[in-house]
Amino acid sequence: VEPNDTAAFAGGPYPGEVITASIRPAYDVDWFAITLDATASLTAEVIGTASFACVAGDIDSELWVTAGDGVTVLGHDDDVDAPGGNYCSRVSVPSLVAGTYLVTVSASQTYAPDVTFDYRLRVVLGPP
């Protein structure tokens, strides 16, 4: 997966695939490109690994889905359910037209910007 620290180096995953990646070193940002062949909804989710769980002190991720320009934010999430203890991230964006979109993963910029961790990223496409 690495290097994927800028939009220029963004690669997979393919929709439906789960890949393992890492936020390392501190302040790392991982970029992924997702290409849609037709209008669809897109859900991207950071999930735990065998070594890192979605709890404070392990994974505290932040997730963005942007247009192909890497600037226009279409969806963002810092914590799925912080009060319930889930510090991973999930974003769903409905009705995206065919094209390339970027998914960006980092440590929580607000709560834990310098934390490092391994994570899994799942991207799923569904009906618009």
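The values are calculated or read from the model by the stated rules, or taken from the named source; none is laboratory data. What you see is a predicted model; the values in this text were computed from it and never measured. Here Cβ is always computed from backbone atoms with ideal geometry, including for glycine, and neighbour counts include all displayed protein chains. SASA here: full protein model, heavy atoms, side chains in, ligands and nucleic acids out. Shrake-Rupley method; radii C 1.70, N 1.55, O 1.52, S 1.80 Å.
What's the total number of residues in segment 38-58 that are modelled with pLDDT of 95 or more and assigned to a loop (DSSP other than H, G, I, E, B)?
Of the residues in that region, 2 qualify.
For segment 110-118, check the following and say yes or no: at least one residue is part of a strand (DSSP E or B), without any contact (Cβ under 8 Å) to a residue 12 or more places away in the chain and either of a type outside the set (Phe, Trp, Tyr) or open to solvent by less than 60 Å² (accessible area, probe 1.4 Å) (or both). Give the derivation first.
Keep residues of segment 110-118 that are part of a strand (DSSP E or B), which gives 117-118.
Filter once more, keeping what is without any contact (Cβ under 8 Å) to a residue 12 or more places away in the chain: none.
Scanning segment 110-118, I find no residue that is part of a strand (DSSP E or B), without any contact (Cβ under 8 Å) to a residue 12 or more places away in the chain and either of a type outside the set (Phe, Trp, Tyr) or open to solvent by less than 60 Å² (accessible area, probe 1.4 Å) (or both), so the answer is no.
Criterion first (open to solvent by less than 40 Å² (accessible area, probe 1.4 Å) and under 15 Å from residue 120 (Cβ atoms)) does residue 22 satisfy it?
It is true that residue 22 is open to solvent by less than 40 Å² (accessible area, probe 1.4 Å) and under 15 Å from residue 120 (Cβ atoms).
Which residue is most open to solvent (accessible area, probe 1.4 Å), if the candidates are limited to segment 64-102 and must be in a strand (DSSP E or B) and among the β-branched types (Val, Ile, Thr)?
It comes out as 73.
Need the failing condition index for residue 81 against (1) without any contact (Cβ under 8 Å) to a residue 24 or more places away in the chain; (2) touching a Lys or Arg at 6+ places or on another chain (Cβ under 9 Å), just the number.
In the conditions (1) without any contact (Cβ under 8 Å) to a residue 24 or more places away in the chain; (2) touching a Lys or Arg at 6+ places or on another chain (Cβ under 9 Å), residue 81 misses (2) alone.
Condition check ((1) under 16 Å from residue 123 (Cα atoms); (2) out of contact with any Cys (no Cβ under 7 Å at 6 or more places or on another chain); (3) free of Cβ contacts under 8 Å to residues at least 60 places away in the same chain) across all residues:
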position: 33; (1), (2), (3): yes, yes, no
position: 38; (1), (2), (3): yes, yes, no
position: 46; (1), (2), (3): yes, no, no
position: 52; (1), (2), (3): no, yes, no
position: 73; (1), (2), (3): no, yes, yes
position: 98; (1), (2), (3): yes, yes, no
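Give segment 34-53 a look and list any residue that's open to solvent by less than 30 Å² (accessible area, probe 1.4 Å) and within 16 Å of the chain's Cα centre (by Cα), or say none. Give the steps one after another, and end with the answer.
As a first pass, look at segment 34-53 and keep what is open to solvent by less than 30 Å² (accessible area, probe 1.4 Å): 34, 36, 40-42, 44, 46-48.
Across segment 34-53, the qualifying residues are 34, 41, 42, 44, 46, 47, 48.
Which of (1) more than 18 Å from residue 114 (Cα to Cα); (2) open to solvent by less than 30 Å² (accessible area, probe 1.4 Å) is the odd one out, the single condition residue 61 does not satisfy?
(1)
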